[in-house]
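Worksheet: one structure, shown below.
The values are calculated or read from the model by the stated rules, or taken from the named source; none is laboratory data. The structure presented is a predicted model; accordingly, all values stated were derived computationally and were not measured. Note: ideal-geometry Cβ built from the backbone for every residue, glycine included; neighbour counts use all protein chains shown.
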Amino acid sequence: MNNEFKSPEILELLKKKLNNKNNLMVSIAETMRVAILKNFETQGSRIGKPWQRLSPLTIKQREGKGYWPGKILQRTGQLKRSIISSYGEDYAQVSTNLIYAAIQNYGGVIHRSSLKTYLRKKLSRKDAKAPSKNKMSSIRIPARPFMKLNDQDLEKIKSKIISALTKNG
């Protein structure tokens, strides 16, 4: 499902029919933002299948830091709080500026140098095993699509557009 809702014909009609498109775009942007926030609450189940569970190692790490039990992608709540909506005369969007948001949304592999881990441990005065030459460790992050709209969200947006067109048409 493609969540991008672009249609030159509809945008042209909006430009002709609506006196104040900003009100509509604010409403659409806020509808999308609320939908994205609901994805966090349902941990993905409202947009298809629930997000993959946390690994036992991650749960153990969270327990040690006092973040468990908790919800997936919400250890501190920073990612959820970073979701913002914005709009203009011909667009409405939802975004985040966090650097790690994309890999959490789409999944992927992070390659981490064991030399960095070694140096970080040494700087914090912890015991660290010297890394082998050019050794890298990898972490696989499963896709947990939070920036996604479901069919009901799209229907809400369509009805807002239709309502705006019929009121002013």
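Structure notes:
- Meets criteria (within 29 Å of V26 (Cα to Cα), among the basic types (K, R) and surrounded by 12 or more Cβ atoms within 10 Å (Cβ to Cβ)) for R62: no
- The criterion of at least 1 residues that are basic (K, R) and modelled with pLDDT under 80 is met, among helices (runs of 4 or more DSSP H) falling completely within the range 58-153, by 114-123.
- Candidates in the range 84-114 are the residues that are of a type in the set (V, I, T) and closer than 17 Å to I72 by Cβ; of these, the one that is nearest to the chain's Cα centre (by Cα) is T96.
- Of all residues in the range 2-10, at least one satisfies being modelled with pLDDT under 85, more than 24 Å from L98 (Cα to Cα) and not in a helix (DSSP H, G or I).
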